[in-house]
Structure formats: structure tokens, C-alpha cells
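First comes the structure, then the notes that go with it.
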Amino acid sequence: MAGYRRQLYRDDAVVLRVQKLGESDRIITLLTRRHGRLRAVARGVRRTTSRFGARLEPFGHVDLQLAGNPDGQGSGLHTISQVEGIDLFGKRFLADYPRYTTASAIAETAERLTPVEREPALRLFLLTLGAVRALADGTHDSTLVLDAYLLRGMALAGWAPALRACAVCGTPGQHRAFSVPAGGAVCPDCRPPGSAHPAPATFDLMSALATGDWRVADATETAVRRECSGLVAAHLQWHLERGLRSLPLVDRDSGVGRARLTRPPSEAGSDG
């Protein structure tokens, strides 16, 4: 655009992803409080003399000054000119495989749920910030935090599974079957072939995670958590055009969420 001058503006954000750019720069994918998801260039942050490279690692909550038009005019990539760390959550679980891979799945989900750059998504920002903070604090099992995040994220996107009424006919009650294509719990009359039949406790756990009832969620057994995780992951990936790359790295067969990485954490989530 002729005569376009890059503006300076501030926002706070969760760092979702970092990618190499050239020899010394990085592209930082951010979920911001006021401007939604955007990508910005951080110049020279891979140099050892960088003033703020360590503040721009995945999962940190940072305060930023950016150069670019916040309304989306001009260059698609903004430039980070200042950054201050509010809480660098990633440093608190960098060596913890379960929490690190869970955070990676949360960050990728946040990207997928914000397909349009610079479209405000305050509720998703707050949800993402709260989930990463919960992982850093270690107050709940990492698999529970992930499933709670996925359920609430799907609700924001309009994909919440029906849990207390039939997804097809709306008949209230706790039904015994669950169909991902149908949209959640289904009654005997609407149950399609191939429906799952989760334990009643699994429905209770999904409802607890969706509403934030951590007293119920924290008291559940490993088998119930495993079944819940499978249904939540299947429901999410049914609505996405492609699966989440990071989700298979999270071990869904263990109540403690032990994760498998093919590379060390320092490599798996940094320069994607």
C-alpha cells in the first residue's frame, strides 16, 4: 500500500509456536488478548546476544510491542520490537515430557481454532492462558487439563458434544451410547450402528471437565480418564479437516499422561 507506515501497538499474548527464519530470526505465532492469532518476526533472537530471545519460547505469557497495522493492512507479518515476560510457563515444565507434550497439543489446538489471523478471540485466549498456567502449577493431572481445554475449546467453536441430552432428538437424560458423527450422547432410538458405549462415569467426567468441576474430575480412575480422552480426541478430530500432529505424542494410555517424544523437548517445540 502506497504511503503505508507501520504502527506501533501493544498487546499481551501466549506464545504458541516458534519457527526459524534465516540465520538469526524467528517467526513467532502468538495468540493475543485483543488481536487474536497473529504471526510476527523477532529479529536476531537466535543470536546469543539477543536481549529478549529467551522470553519468546513456546507457552510463555508475554507483553509485546509490535510494529504493523493491527487491522491487518500492509504486511502480513508484524515485527516484535519489545517483549517483557509476564510468566514464562514453559520454563517450569521444559523437562517434563507429559506436561510439555500436553502444552504442545493445547498450542496446536489454539492455532487450529483460530483460522483467521487478527480476528479477536478473547475467550479462547483466556482459556489457553488458564490451561498453560494449570500445567505449570501442576494442580491437576495433565491429561485432565488437556481434555478440559479441548472440550471447552470445542464449545467456543460450536462443536460441544451433547452429554446430557440426545444429540439427535434432544431427549434429556444420561444416555448410554456416544456417537461422534451424531454429535455426542444418543438415545436408544437414535443410536447409529458403531456407537460407543462409555461407562456412566465417563459421561460424568466429560461433564465435569466441560463445566470446571475439578472435585469430580480429580477423583476419577485411570480407566475412566482413558475412555474420556479417547472420546474427546475423536470428537475434536471429527470436526477438524486434519488431525492434530501433537496429539499422538501425548500418551492416552496412562492416567498420569506419560508422553513419548521422538526428539528432546528443546527441539520438538521450538523451531517446528
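The values are calculated or read from the model by the stated rules, or taken from the named source; none is laboratory data. The shown structure was predicted, so the numbers you read here are calculated from the model rather than taken from an experiment. Note that we place each Cβ from the backbone using ideal geometry, even for glycine, and neighbour counts take in every protein chain shown. Protein only, heavy atoms only, side chains kept; ligands, DNA and RNA dropped before computing areas. Shrake-Rupley method; radii C 1.70, N 1.55, O 1.52, S 1.80 Å.
Across segment 214-226, what is the number of residues that are surrounded by 14 or more Cβ atoms within 10 Å (Cβ to Cβ) and either hydrophobic (A, V, I, L, M, F, W, C) or within 20 Å of the chain's Cα centre (by Cα) (or both)?
6
Give the number of residues within segment 181-200 that are surrounded by 18 or more Cβ atoms within 10 Å (Cβ to Cβ) and not in a loop (DSSP other than H, G, I, E, B).
3
Can you tell me which residues in segment 223-272 are hydroxyl-bearing (S, T, Y) and at pLDDT below 50?
Those that are hydroxyl-bearing (S, T, Y) and at pLDDT below 50: S254, T262, S266, S270.
Return the residue satisfying two criteria in turn: it lies in segment 139-152 and is open to solvent by less than 20 Å² (accessible area, probe 1.4 Å) and free of Cβ contacts under 8 Å to residues at least 60 places away in the same chain, and of such residues it is nearest to the chain's Cα centre (by Cα).
Taking the candidates together, the pick is Y149.
Looking at segment 74-105 only, could you name the residues that are outside any helix (DSSP H, G or I), polar (S, T, N, Q) and touching a residue at least 40 places away in the same chain (Cβ under 8 Å)?
S75, T79, S81
Of all residues in segment 165-174 being at pLDDT 95 or above and surrounded by 12 or more Cβ atoms within 10 Å (Cβ to Cβ), which is farthest from A196 (Cα to Cα)?
The residue in question is T171.
Could you tell me which residue of segment 39-85 is modelled with the highest pLDDT, considering only residues that are of a type in the set (V, I, T) and surrounded by 15 or more Cβ atoms within 10 Å (Cβ to Cβ)?
So the residue we want is V62.
Within segment 113-169, restricting attention to residues that are outside any loop (DSSP other than H, G, I, E, B) and of a type in the set (F, W, Y), which residue is nearest to A182 (Cα to Cα)?
Among them, the one singled out is Y149.
Quick check on W238: is it in contact (Cβ under 8 Å) with a residue 40 or more places away in the chain, surrounded by fewer than 16 Cβ atoms within 10 Å (Cβ to Cβ) and not aliphatic (A, V, I, L, M)?
So W238 passes the test.
Select from segment 201-213 the residues that are of a type outside the set (S, T, N, Q) and in a helix (DSSP H, G or I) and write down the one among them that is surrounded by the fewest Cβ atoms within 10 Å (Cβ to Cβ).
Checked segment 201-213; the qualifying residue surrounded by the fewest Cβ atoms within 10 Å (Cβ to Cβ) is A201.
Checking the structure you have, find out if any residue of segment 127-138 is on the phi > 0 side of the Ramachandran plot and either at pLDDT 95 or above or buried (at least 16 other Cβ atoms within 10 Å of the Cβ) (or both).
The answer is no; no qualifying residue exists.
Residues checked against (1) open to solvent by 50 Å² or more (accessible area, probe 1.4 Å); (2) on the phi > 0 side of the Ramachandran plot; (3) modelled with pLDDT of 95 or more:
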{"position": "L88", "(1), (2), (3)": "no, no, no"}
{"position": "L94", "(1), (2), (3)": "yes, no, no"}
{"position": "A107", "(1), (2), (3)": "no, no, yes"}
{"position": "A110", "(1), (2), (3)": "no, no, yes"}
{"position": "E117", "(1), (2), (3)": "yes, no, no"}
{"position": "R123", "(1), (2), (3)": "yes, no, yes"}
